[in-house]
Amino acid sequence: MVVIDSHAHLFIKGGLASFKPSSLQMFIQTMDRLKIDKTVIFTIEGLIRDFTRCNDEIAEAVSKYPDRLIGFATVNPWLGDEAVQELERAVGKLGLKGLKLHPYMQGFPAADSMLFPIMEKATKLQIPVLFHSGTPPWSEPLQVAALAERFPDVPVILGHFGQNMYGDTIRALKMVKNLYGETSANHFVYAIEKAIREVGAHRILYGSDMPWLEPEPQLIKIKILKITDEERELVLGNNMARILRIA
């Protein structure tokens, strides 16, 4: 059974000094201890400043552990063409495999037309886009769903399963077929079980939000779900492997 953590942050070369530190060594040691095969990593700093440098640093980290780490780019949609060009560079030149956006932190509504060029580029690059979700007024699950519906060929991931807005997450998953729910930082186990019953395990992804959160409880949460072994394998890794086209 492959286990892929779909949501983790790496703070490199100092990053934002006030944030909880993390390192490559910590990531790999934690993954080994918890038997996590691969982890998707991205930065926080790249969401709000100097995303070119941050994407370079993520690519450098991945190059040291290419079998264990999967890099996602970050860009700032407010920068228009510059953001689109950086996404193309991050994927085409650096080999990053997806994009992370944070409407609440970056200050834009998740369904805003400002994102259309970025989503069009994601369509051409055939990459998933992971959104922070569950923080009103701009990171609500139904807002992300409205954007995802416009771009049906892009796998769009609702980070944190919409947090307290899990009801809207389930509604969104029912409405939009290219939408996925990622489980980190959502403690409503019954809501995840409900989504699996009503939408299907093939649309749910395990994530930890490491190092903001301790990864072991996030993993245990999936292991105690009242679902079949086949469904658990989908959630823990097979779904993300399919989205990322990992053999």
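Considering only residues of the stretch 44-67 that are aliphatic (A, V, I, L, M) and within 24 Å of Ile243 (Cβ to Cβ), which is surrounded by the fewest Cβ atoms within 10 Å (Cβ to Cβ)? Walk me through how you get there before you give the answer.
Here is the first cut: in the stretch 44-67, the residues aliphatic (A, V, I, L, M) are 44, 47-48, 58-59, 61-62.
Next, from what is left, pick out any that are within 24 Å of Ile243 (Cβ to Cβ): 44, 47, 58-59, 61-62.
Numbers: Ile44: 18, Leu47: 18, Ile58: 26, Ala59: 16, Ala61: 18, Val62: 22.
The residue in question is Ala59.
Looking at the stretch 203-237 only, could you name the residues that are in a helix (DSSP H, G or I) and open to solvent by less than 60 Å² (accessible area, probe 1.4 Å)? So that I can check it myself, show each step before the final result.
Step one: list which residues in the stretch 203-237 are in a helix (DSSP H, G or I), which gives 203, 215-223, 229-237.
The answer is Arg203, Pro215, Gln218, Leu219, Lys221, Ile222, Glu231, Arg232, Leu234, Val235, Leu236, Gly237.
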Residue within the stretch 143-158 that is over 24 Å from Ile196 (Cβ atoms), open to solvent by 40 Å² or more (accessible area, probe 1.4 Å) and not aliphatic (A, V, I, L, M) present: yes
Test: residue in the stretch 169-179 that is open to solvent by less than 10 Å² (accessible area, probe 1.4 Å), among the hydroxyl-bearing types (Ser, Thr, Tyr), in contact (Cβ under 8 Å) with a residue 60 or more places away in the chain and within 30 Å of Ser113 (Cβ to Cβ): no
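Just to check your reading of the model, which residue among Ala110, Ala83 is under 24 Å from Met165 (Cβ atoms) and modelled with pLDDT of 95 or more? Working first, answer last.
On the way: Ala83 fails: under 24 Å from Met165 (Cβ atoms).
Residue meeting the stated conditions: Ala110.
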For Leu99: the one exception among (1) over 30 Å from Asp32 (Cα atoms); (2) open to solvent by less than 50 Å² (accessible area, probe 1.4 Å); (3) within 17 Å of the chain's Cα centre (by Cα): (1)
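Please verify whether Gly134 is open to solvent by 10 Å² or more (accessible area, probe 1.4 Å), among the small types (Gly, Ala, Ser) and within 15 Å of Phe108 (Cα to Cα), treating the condition exactly as stated. So that I can check it myself, show each step before the final result.
On the way: open to solvent by 10 Å² or more (accessible area, probe 1.4 Å): yes; among the small types (Gly, Ala, Ser): yes; within 15 Å of Phe108 (Cα to Cα): yes.
In short, yes.
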Given (1) surrounded by fewer than 23 Cβ atoms within 10 Å (Cβ to Cβ); (2) without any contact (Cβ under 8 Å) to a residue 40 or more places away in the chain, index of the condition Gly71 fails: (1)
Residues of the stretch 31-43 satisfying the condition of being open to solvent by 10 Å² or more (accessible area, probe 1.4 Å) and either among the hydrophobic types (A, V, I, L, M, F, W, C) or in a strand (DSSP E or B) (or both): Leu34, Lys38
Identity of the residue in the stretch 180-202, open to solvent by less than 80 Å² (accessible area, probe 1.4 Å) and in a loop (DSSP other than H, G, I, E, B), that ends up farthest from Ile28 (Cα to Cα): Val199
Sole exception among (1) in a helix (DSSP H, G or I); (2) without any contact (Cβ under 8 Å) to a residue 12 or more places away in the chain for Ala247, by number: (1)
Lone qualifier among Ile70, Ile28, Ile48 - being within 30 Å of Asp112 (Cβ to Cβ) and at pLDDT below 95: Ile48
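The values are calculated or read from the model by the stated rules, or taken from the named source; none is laboratory data. Being a predicted model, the structure only gives us computed values, none of them experimental. Because the Cβ atoms are built from the backbone with ideal geometry, glycine has one as well, and the counts that use them run over all protein chains shown. Accessible surface is based on the protein model in full, side chains and every heavy atom, while ligands, DNA and RNA are left aside. Shrake-Rupley method; radii C 1.70, N 1.55, O 1.52, S 1.80 Å.
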